[in-house]
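To keep things clear, I will list the structure first and then write my remarks on it.
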Amino acid sequence: MPYRSADRRRVLAAAVLGRSLDSPGSSDEREPDPEADSEEGEPLRSITGEILDVSPHLIVVETPEGEEERLVIAPWATAWRGENVSPTDLPVGAHVIVRALQGGRVVDRIWADITRITGVIQSVGSGRRDLTVELYCGPHRGRRTIVIPYGASGRLRVRHPQFEPGYLFDAIGIREDGVAHARLPATSQPPYRWTSVPKPPPGYGAQARISGTSTWSDTFDWGERGVAYPMLENADSDCQDAGVSCTALPYLALGSALSVRNVCAGRTSVLPIVACGCLAGRFCDRCLECGTSPRGRIVELSPVSFVELGGELTKGCFNARVGLG
């Protein structure tokens, strides 16, 4: 495979480290990063948990650690639970991800019972109205059965024209009674089967950052901060589908610190690689949130990390730039 070439690896490692190819081992210092001192605005805090109580001005959330968070709801705050709703319409017991401002005490946005459904279509069951779809979500995520409600099927079909085994599927929905119901397409379906990912370009040269698409996944532990990365060694990640991407990414190891920048929001965070993003690497798509990103998903973030970098969960992606932290 071309990724196994020592010269190839040296080029890609130099790109992500910002080193000169003329002296690959002479220094560990990176070139100055023009983004390092950029203004990121007010810090964002993400709180996850279960709603204990909600009123027009206050929401009480029990975190996974069993602590209660009492948060003020801003007058402009909005919520989403399958569709945009008022925060007061959210039911007690709903699992939420809250974006908070002003020291993490004022609610700006709430997503309730949200889930992301990313996988390879295995079968599509027939039904009178709703469709049942079985997905393969990678060797470490297994299989998942989802429901596509009749009312959402038209919207999903527009951007996922191939409802056939072997094609990729990516949608955002809600969890109801333990079942995932797809509501919104998270991307336009790639036109190829999942085993036919386009090859990456020959090389990037010596650039300090690699650009592409950042998405999110709810397969992380609840409240976990970190990223899944496609280009991991099989032995290191214990994932036989690792090492596939249409973007010229270098191989990295679990536990590496990765600097992720949301180009759209101007926010940067250094996050650990905690999982294999083998399925994300098979999507050679673009993010259109602020301009058009280069093709390819370069990282898949936990929901908490995605929100704290200024991402909107229902939009599903942001244009990103990554480098070693």
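The values are calculated or read from the model by the stated rules, or taken from the named source; none is laboratory data. All values derive from a computational prediction rather than experimental measurement. Here the Cβ positions follow ideal geometry from the backbone for every residue, glycine too, while neighbour counts run over all protein chains shown. With ligands, DNA and RNA removed, areas are computed over all heavy atoms of the protein, side chains included. Shrake-Rupley method; radii C 1.70, N 1.55, O 1.52, S 1.80 Å.
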Inset, instruction - Order these peptides, 98-111, 253-266, 125-138, by their mean beta-carbon neighbour count within 10 angstrom, highest first. - result: 98-111, 253-266, 125-138
Inset, instruction - Could you pull the accessible area for Arg267 with a 1.4 Å probe, rounded to 10 Å²? - result: 30
Legend entry - Directionally averaged shadow of segment 271-325, computed from the convex hull of its alpha-carbon atoms, nm²: 4.0
Inset, instruction - Over the alpha-carbon set of segment 31-134, work out the extent along each principal axis and list the three values in angstrom, largest first. - result: 53, 48, 28
Inset, instruction - Take every DSSP beta bridge with both residues inside the chain and express the antiparallel ones as a percent of the total, to the nearest 5. - result: 80
Legend entry - In Å, descending, principal axis extents of the Cα set of the chain: 62, 49, 34
Inset, instruction - Report, in degrees rounded to the nearest 10, the 0 to 90 angle that the Cα long axis of helix 6-17 makes with the longest principal axis of the chain. - result: 50
Legend entry - Relative contact order for the chain, counting Cα pairs under 8 Å that sit 6 or more residues apart, in percent: 18
Inset, instruction - For Asp177 paired with Arg70, estimate the spin-label separation in nm (one decimal), with each label point 7 Å from Cα along the Cα-to-Cβ line. - result: 3.6
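Computed over the Cα atoms, what is the radius of gyration of segment 96-195 divided by 2.2 N^0.38 Å, N being its residue count?
Details: Rg = 15.3 Å, N = 100, 2.2 N^0.38 = 12.7 Å.
The value comes to 1.21.
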Inset, instruction - Working with all protein chains in place, sort Trp76, Trp222 by solvent-accessible area computed with a 1.4 Å probe, largest first. - result: Trp76, Trp222
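Starting from the Cα-Cα distance between Gln102 and Ala235, subtract it from 0.36 nm times their residue separation and give me the gain in nm to one decimal.
Working it through step by step, the gained length comes to 43.5 nm.
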Legend entry - At 1.567 mPa s and 4 °C, Stokes D of segment 186-325 from Kirkwood alpha-carbon radius, µm² per second: 88
Inset, instruction - Rounded to the nearest 10 degrees, what's the angle between the helix 150-159 long axis and the longest principal axis of the chain, both from Cα atoms, 0 to 90? - result: 20
Legend entry - Free-standing Cys residues across the chain, given no other cysteine C-beta under 4.7 angstrom: Cys137, Cys278
Inset, instruction - Go through 269-275, 307-313, 190-196 and give me the packing order, highest mean Cβ count within 10 Å leading. - result: 307-313, 269-275, 190-196
Legend entry - Rounded D (µm²/s) - segment 149-210, Kirkwood Rh over Cα pairs, Stokes-Einstein at 25 °C, 0.890 mPa s: 174
